[in-house]
Amino acid sequence: MDQSVFRITKVTLVDELSDLQKDSDLSLAVACRDVDVRNVKALIIGPHETPYEFGFFEFAFVFNKEYPRKSPQVQATTTNEGRTRFNPNIYANGKVCLTWRGERGEQWSAAQGLESILLSIQSLMSMNPYENEPGFEDAKEAHDKKNQKNYIRHETIRISVVHRLEEYLGINPDGTVTPDNATGEIVSAASTESDMDTLDEESCVPFEPFKDLCKRRFLWYYDSYMAAVEKGKLEVKDNESFARMPFESHGNGMEGKFNYTELEKRLKAIKAALDVETESWAAEGLQAKAQETTVAVNLQRQFEQVVEHFKRRDLAHSIELVGGNPFVWLVTYFGKPMTNLDGGLFRIKLCFSPRFPEEQPRARFETKIFHHRIAADGTPCYYAPPSRREDVRTHLEAIIDALEEESPPYDPRTLVNPEAFKLFWGSVDDRRMYNRRLRRSVQQSME
């Protein structure tokens with residue numbers, strides 16, 4: 001193989017990965033090990049108003065040395081260990097059928113790239129996935145399509161969300177949580193950093209680049225998952241078997257039974273475990289502060305810089321460390337004058353992990369607010385550019401921007417408060433109702 005061709009492949013891939021990681025697309029994520037750029041993991045978050053809504057679907061890409069002249073290999077890895085076919089074109093064995101993979105139709109072009117492949121796969125996750133199968137016109141009746149959407153929605157929550165988060169959090173089948181280490185003791189931030197460095201160098205740790213992202217997105221979409229469960233409970237009975245589609249076969253389909261009651265219980269357990277994990281960062285942070293770890297010193301310095309920034313800009317907002325802990329910040333936000341937020345006083349708590357910025361901060365409005373970008377539990381939906389993920393001020397400004405933006409572009413990926421989102425993007429009367437409820441919550445913030 002000509003080494004110049006290999007260099008072109010590597011440069012092309014690095015550029016594509018960099019562009020995707022800089023992009024603000026909230027539904028796509030990519031990652032690879034620094035030492036192995038040709039093996040890429042990708043995450044697609046299921047599109048709104050489809051049975052895949054807000055599911056976490058992972059894919060593995062292998063780019064050969066002749067890329068982009070030749071197409072990469074693509075494998076779906078969210079398959080319930082090879083037992084679940086999520087789409088007519090996404091098989092239980094991981095095969096992904098796209099037109100350039102040897103089937104009839106459009107052929108691979110060097111002008112295509114990783115992003116176009118991901119968007120093509122995402123387009124398969126449609127409102128009616130049944131229609132991706134060439135023989136769908138032979139369906140018995142329209143209820144076949146409805147049946148398929150029902151069980152895909154159920155398994156999207158069960159496999160792509162619940163299974164994944166339970167594994168991340170160490171939640172056992174009986175609902176108990178396994179500690180991160182055998183003794184259950186808190187691991188110091190310093191030893192964690194040292195251990196991580198050693199393990200990364202030896203490539204001994206599992207590569208889970210989307211772990212923190214999925215946890216944060218779960219907090220965004222928790223209410224949507226619960227709404228889907230409530231809808232499912234009205235449509236099907238627990239223990240009712242999935243209906244097999246005409247194109248499915250044993251070992252390459254979806255076989256199972258509905259149990260939305262169990263899913264509801266497990267979703268609540270995940271939410272509770274994430275809340276406990278977030279609160280545990282405070283105790284870990286105090287240990288890190290006592291040991292003067294790099295993260296603790298950095299957060300203390302950033303706190304002082306943000307306080308000085310607020311003073312220089314004559315901003316009314318105030319900020320303090322809870323108990324002098326640089327891992328727990330409390331921001332008091334004063335509503336922007338001449339807007340629906342005018343006169344409001346909101347407390348926002350930011351919790352930082354001792355593994356920051358690898359684990360991003362988790363924010364929560366402690367003051368109740370009715371807002372389409374703030375979840376019912378107070379979790380804000382905001383986007384901090386990956387290139388600035390270690391800068392706390394960027395996170396604070398992104399939260400405030402999301403709160404104050406009056407004419408945002410429509411983006412269903414920011415649907416974190418279903419009730420407020422529906423009113424905000426609804427009719428003129430709906431928007432009036434939204435504004436009234438927002439103003440009421442602003443007034444209550446001062447009581």
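For the stretch 414-425, the Karplus equation 6.51 cos²θ - 1.76 cosθ + 1.60, evaluated at θ = phi - 60°, returns couplings of 9, 6, 10, 10, x, 5, 5, 4, 4, 5, 4, 9 Hz by residue, with Gly and Pro reported as x. Rolling a 1.4 Å probe over the protein chains gives Lys70 an accessible area of about 100 Å².
Please report, in debye to the nearest 20, how large the charge dipole of the stretch 334-375 is about its Cα centre when each Lys and Arg carries +1 at its beta carbon and each Asp and Glu carries -1 there. Mind dumping the intermediate values first?
Numbers: 8 positive and 4 negative charges, 18 e Å.
Roughly 80 debye for the stretch 334-375.
Legend: distances between Cα atoms for Lys231/Lys265; Lys22/Lys211; Lys41/Lys271; Lys233/Lys422; Lys211/Lys231; pairs beyond 24 Å are Lys41/Lys271; Lys211/Lys231. Whole angstrom only: what separates the Cα centroid of the stretch 272-288 from the Cα centroid of the stretch 26-77? Between the Cα centre of the stretch 272-288 and that of the stretch 26-77, the gap is 31 Å.
Pairs Lys149/Lys268; Lys268/Lys311; Lys149/Lys336; Lys237/Lys268: which are spaced more than 32 Å apart, C-alpha to C-alpha? Please list the in-between numbers first.
On the way: Lys149/Lys268 24 Å; Lys268/Lys311 41 Å; Lys149/Lys336 44 Å; Lys237/Lys268 20 Å.
The pairs that break the limit, which is 32 Å between Cα atoms, are Lys268/Lys311; Lys149/Lys336.
In this structure the amide hydrogen of Lys95, modeled in the peptide plane, comes within under 5 Å of the amide hydrogens of Ala76, none closer than 5 places in sequence on its chain. Rolling a 1.4 Å probe over the protein heavy atoms leaves Tyr151 with an accessible area of roughly 0 Å².
The values are calculated or read from the model by the stated rules, or taken from the named source; none is laboratory data. Please read all numbers here as calculations on a predicted model, not as lab measurements. Methodologically, a virtual Cβ is constructed for each residue, glycine included, from the backbone with ideal geometry; neighbour enumeration extends over all protein chains shown. Protein only, heavy atoms only, side chains kept; ligands, DNA and RNA dropped before computing areas. Shrake-Rupley method; radii C 1.70, N 1.55, O 1.52, S 1.80 Å.
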